[in-house]
Amino acid sequence: MPKSDVLTPIQGIALLCDSQGIIQQIIANNLGLAAAPLVGQALTALVEPSSVEKTQNLLATLHMQRVAFDWLLYVPSANSVIGLHCYAGMVGGQIFIVGTPSQPDAEAFFEALMQINNQHQNTLRQMMKDVAMQQPTASLVQANRLDEFSRLNSELINAQRELAKRNRELTTLAQENAQLYQDAAAALQLRNEFISSITHDLKTPLTTIKGYGEILRRRVTRLELAEPDKLIGPLDTIDATVQRMIEQIEGLLDLARLQMSDTLRINPSEFDLVLLVQRVLKMLAPLLARHQLQFTPLEPSLIGCWDLLYLERMVTNIISNAIKYSPPARLISISLRLESSTTPPQTIMEVCDQGVGIPAAELKRIFEPFYRAENVRKQGIKGTGIGLASVRQIIDLHGGTISVTSEEHVGTCFTIGLPIIPSSTQHGADESIAL
Ligand code: ADP
């Protein structure tokens, strides 16, 4: 098959080899591979050592199936290695092989070669006819070869069409997948918004029950009854149960927030962190009753601009864990201070307990959603593994930091740094989704 200008713009190589893969003719060489030493060499000598076995398999495949599509072989070139997408056919005992660095180029290359091939076939046919008129026996063999070449040619063209069709199908599939992904993301968003609104609705009546419970408790205390515990005991149980239900609902909100972290924004307002911690401690009082509590704010107030609801949740999560993972009567100490040497200055909150601790090997993982350390699972302490992931998310949203130190059977300390950003520079909540 002679060279042609049609092949010049395509980056690739086209070779004619004998049935054993010895290169006989270079039809095109636009890759800058040295032309002269190629002829007479085996195809296996042309490729990288890592591709030798694959080339032998390619030759074996050609002997069995006559055609091979898109085999990736690596060849050395100048000072690098190129991966070539190779297409090959066995034509009348000869192997015709093209290879280009990209699959689309290989297709284009093939197409160009097929066009040339068609032109030459017509010329050849004419020549064969002319020869046949003079030497009928010799031309019969050539005619058979030509027929086989034509058959192979149409096989290759069909394969190429099939390839193009598959490519189109793949593109359509990719578009459909993208649409499905968008639909799923929208459905997820809707679900999370639904969870958010329903949990808020559930929390409101519980907060009312808790409030009335407290009023009743105070009235009972004032009544000076003979056996006040008969009333106060059940009231405390109602309070603790309601608190647990609120915690469970908050857990659901944590989960929804984690799942929509991309769209979450903070809704900042100015408030006093010392007051916030006091409020959380009051709320957790029924659960804290059997522990020793030490709250040490080193400043009378720590005013900053943060998201009130998120910080309340974060503080609640950390203190609830200290309660849950340490036995009764043990000390839970909470300190709050101002660190003014950083820019911007930040508040540092430390929550330490004398509880079960976290195994050293698992310390790194406890902020992952749903991760729970082996010691607490073995001891049957209930939990979901969502709280700390949510804590970290809230701290990240505020540009803060969290670290933990712990020793098993000794206790755990969480240290949280929150930058104090002036209210004017805080990002607004215009497009926020408040959970
Ligand atoms: P949960 O408490 O629901 O299991 P969290 O996300 O709040 O989930 O905590 C993740 C894990 O981190 C806990 O399961 C526990 O193994 C560990 N952990 C968190 N806080 C403490 C603590 N104060 N003491 C010991 N282990 C803790």
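The values are calculated or read from the model by the stated rules, or taken from the named source; none is laboratory data. Worth saying up front: this structure is predicted, and the values here are computed from it rather than measured. Don't worry about glycine lacking a Cβ; one is built from the backbone with ideal geometry, like all the others, and counts go over all protein chains shown. Heavy atoms of the whole protein, side chains included, go into the accessibility calculation; ligands, DNA and RNA do not. Shrake-Rupley method; radii C 1.70, N 1.55, O 1.52, S 1.80 Å.
Entry remark, the range 376-393: residues being at positive phi and more than 6 Å from the ligand (Cβ to nearest atom) number 1 in total.
Here is a check on your reading of the model: is Arg217 in contact with a Pro (Cβ under 8 Å, 6 or more places away or on another chain) and open to solvent by 80 Å² or more (accessible area, probe 1.4 Å)? So Arg217 does not fit the description; no. In the range 194-214, the qualifying residues are those that are of a type outside the set (A, V, I, L, M, F, W, C) and open to solvent by 80 Å² or more (accessible area, probe 1.4 Å), and the one that is nearest to the chain's Cα centre (by Cα) is Asp201.
Take the conditions open to solvent by less than 60 Å² (accessible area, probe 1.4 Å), in contact with a helix residue (DSSP H, G or I) (Cβ under 6 Å, 6 or more places away or on another chain) and not hydrophobic (A, V, I, L, M, F, W, C) and apply them to Gly233. Does it pass? Criteria not met by Gly233. Against the condition crowded, with 17+ Cβ neighbours inside 10 Å and either over 23 Å from Trp306 (Cβ atoms) or modelled with pLDDT under 85 (or both), how does Leu223 come out, does it pass? Against the criterion (crowded, with 17+ Cβ neighbours inside 10 Å and either over 23 Å from Trp306 (Cβ atoms) or modelled with pLDDT under 85 (or both)), Leu223 does not qualify. Of all residues in the range 151-170, none that is farther than 18 Å from Cys86 by Cα has its Cβ atom under 7 Å from the Cβ atom of a residue that is modelled with pLDDT of 80 or more and open to solvent by less than 70 Å² (accessible area, probe 1.4 Å), 6 or more apart or on another chain. The set of residues from the range 49-76 being within 18 Å of Gln103 (Cβ to Cβ) and either part of a strand (DSSP E or B) or aliphatic (A, V, I, L, M) (or both) comprises Leu58, Val67, Ala68, Phe69, Asp70, Trp71, Leu72, Leu73, Tyr74, Val75.
Tell me, yes or no, whether the range 313-322 has at least one residue that is over 24 Å from Leu264 (Cβ atoms) and touching a Leu at 6+ places or on another chain (Cβ under 9 Å).
no
Among the conditions (1) in a helix (DSSP H, G or I); (2) out of contact with any strand residue (DSSP E or B) (no Cβ under 8 Å at 6 or more places or on another chain), Gly385 misses just one, which is (1). Within the option set Ile334, Ile348, Ile402, being within 29 Å of the chain's Cα centre (by Cα) and at pLDDT 95 or above holds for one residue only, Ile402.
Would you confirm whether any residue within the range 232-244 is under 29 Å from Ala185 (Cα atoms) and in a helix (DSSP H, G or I)? Scanning the range 232-244, I find no residue that is under 29 Å from Ala185 (Cα atoms) and in a helix (DSSP H, G or I), so the answer is no. Anything in the range 76-92 that is surrounded by fewer than 17 Cβ atoms within 10 Å (Cβ to Cβ) and either over 17 Å from Leu156 (Cα atoms) or touching a His at 6+ places or on another chain (Cβ under 8 Å) (or both)? List them, or say none. Of everything in the range 76-92, those that are surrounded by fewer than 17 Cβ atoms within 10 Å (Cβ to Cβ) and either over 17 Å from Leu156 (Cα atoms) or touching a His at 6+ places or on another chain (Cβ under 8 Å) (or both) turn out to be Pro76, Ser77, Ala78, Asn79, Ser80, Val81, Gly83.
Residues of the range 352-368 that are within 8 Å of the ligand (Cβ to nearest atom) and either in a loop (DSSP other than H, G, I, E, B) or surrounded by fewer than 21 Cβ atoms within 10 Å (Cβ to Cβ) (or both): Gly355, Val356, Gly357, Ile358, Glu362, Ile366, Phe367. Of the conditions (1) within 8 Å of the ligand (Cβ to nearest atom); (2) surrounded by fewer than 21 Cβ atoms within 10 Å (Cβ to Cβ), Ser406 clears all except one; give me its number. All conditions are met except number (2). Screening the range 21-48 for residues that are open to solvent by 20 Å² or more (accessible area, probe 1.4 Å) and in a strand (DSSP E or B) and picking the one that is modelled with the lowest pLDDT gives Asn29.
List the strands (runs of 3 or more DSSP E) inside the range 249-351, counting only whole elements, that have at least 2 residues being open to solvent by less than 20 Å² (accessible area, probe 1.4 Å) and within 16 Å of the ligand (Cβ to nearest atom). Break it down into steps so the answer makes sense when it comes.
Details: elements: 268-272, 292-297, 303-307, 331-339.
In the range 249-351, the matching strands (runs of 3 or more DSSP E) lie at 331-339.
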